[in-house]
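The values are calculated or read from the model by the stated rules, or taken from the named source; none is laboratory data. All values derive from a computational prediction rather than experimental measurement. Every residue, glycine as well, gets a Cβ built from its backbone with ideal geometry; the counts of neighbours run over all protein chains shown.
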Amino acid sequence: MRTFFLLLLLAGLALGFGYPVAVDRFGKAEIGRYRGYDRAGGYRPVEVPLKAGNAPVGVDVEMTATGPAVPHAGAVLTLVVDRAGRSVLAAPLDFAAGSPRETNPQNGERIYSQSAGSLTDIDEGVYRFRLGPGDAEDVAVGSADIVLRGGGLAYDPRIPPIGWALSALGFVGLVLPVRGPNLVDSFLGEFVTGLGEGLVSHGADLILATAALGHSELSVLRHVVESGRADGVVVTRIAEVDERLAYLRERGFPFVAHGRLLDSDFAYNWLDTDGAHAFGEAFDMLYDLGHRHFGLVTIS
């Protein structure tokens, strides 16, 4: 069973991450590189004849800028592509993804690259590409080139989500808040150990996501759920009114609560310890030993 889940994980990683990279890097040949802006000539349209055999055509923009790194506070450039007066592609370009290549350390010149999208259906004829300024300020753009690649595999946006889902099969998530140098207290540590061993015996694995100081557990939980990294989650230390459970219920995402809500208008799966009985036993033992004043030391 574990071998089966491992094969699913590998297949999911290949589809979710390997497929887009393979299509982008190896599936297309460069059609041409065209200057759409420089400081000497300003912005100028570029006209490129395309044929049906070029499809799908990937459209990238490479920008050279000097000075501080691009702040990613809005679009630096915009790109509009039209065919016979009809717009077929429009994209704002903020160059937020990826790392720029530094070409001149003395003046801080860097080359930024971003995909503007793809032209999937090509009608033979001349396509017009127009770069323009965005709304980002204080970006010293030196030049911008439009790079066209085509003649490769068509990118299917349905495939990566399937891969992400496959890679999550057999994984259960648990979000842990980081409290000081110790990741978890002894009670929760025993719970996590038992949970991991129990899941393994059923052919599944436990993945841990930590909520560092200053980050809410809900934001980390959202990332685990929406990235498709787990089939379900276990939620610990339930509050009387818990926003994490409300979010999971709204998403329809499977979960088990370690604890109970004070009041609930919906059914959910939970497990809990009998804290009242445990404290009762502790009180009886201490009282029989002659103690009459008690203190409690616990986590904050």
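Things to note:
- Residue within the stretch 54-69 that is touching a residue at least 24 places away in the same chain (Cβ under 8 Å), in a loop (DSSP other than H, G, I, E, B), out of contact with any helix residue (DSSP H, G or I) (no Cβ under 7 Å at 6 or more places or on another chain) and of a type in the set (A, V, I, L, M) present: yes
- Verdict on Arg101 being surrounded by fewer than 15 Cβ atoms within 10 Å (Cβ to Cβ), among the charged types (D, E, K, R), modelled with pLDDT of 85 or more and within 22 Å of Tyr43 (Cβ to Cβ): no
- Filter result for Pro20 (in the same structural domain as Asp94 (by TED's automatic domain parsing), modelled with pLDDT under 95 and under 25 Å from Ala97 (Cβ atoms)): no
- Taken as a whole, the stretch 78-88 holds no residue that is surrounded by 15 or more Cβ atoms within 10 Å (Cβ to Cβ), within 14 Å of Ala140 (Cα to Cα) and either outside the structural domain of Gly142 (by TED's automatic domain parsing) or not charged (D, E, K, R) (or both).
- Taken together, Ile122, Ile146 contain a single residue that is aliphatic (A, V, I, L, M) and at pLDDT 95 or above, which is Ile146.
- Looking across the stretch 48-77, just one residue is surrounded by fewer than 16 Cβ atoms within 10 Å (Cβ to Cβ), farther than 19 Å from Arg130 by Cβ and modelled with pLDDT of 90 or more, and that is Lys51.
Residue-by-condition table, conditions (1) part of a loop (DSSP other than H, G, I, E, B); (2) without any contact (Cβ under 8 Å) to a residue 40 or more places away in the chain; (3) of a type in the set (Lys, Arg); (4) closer than 27 Å to Pro56 by Cα:
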position	(1), (2), (3), (4)
Pro92	no, no, no, yes
Ala96	yes, yes, no, yes
Glu102	no, yes, no, no
Gln114	no, no, no, yes
Ala136	yes, no, no, no
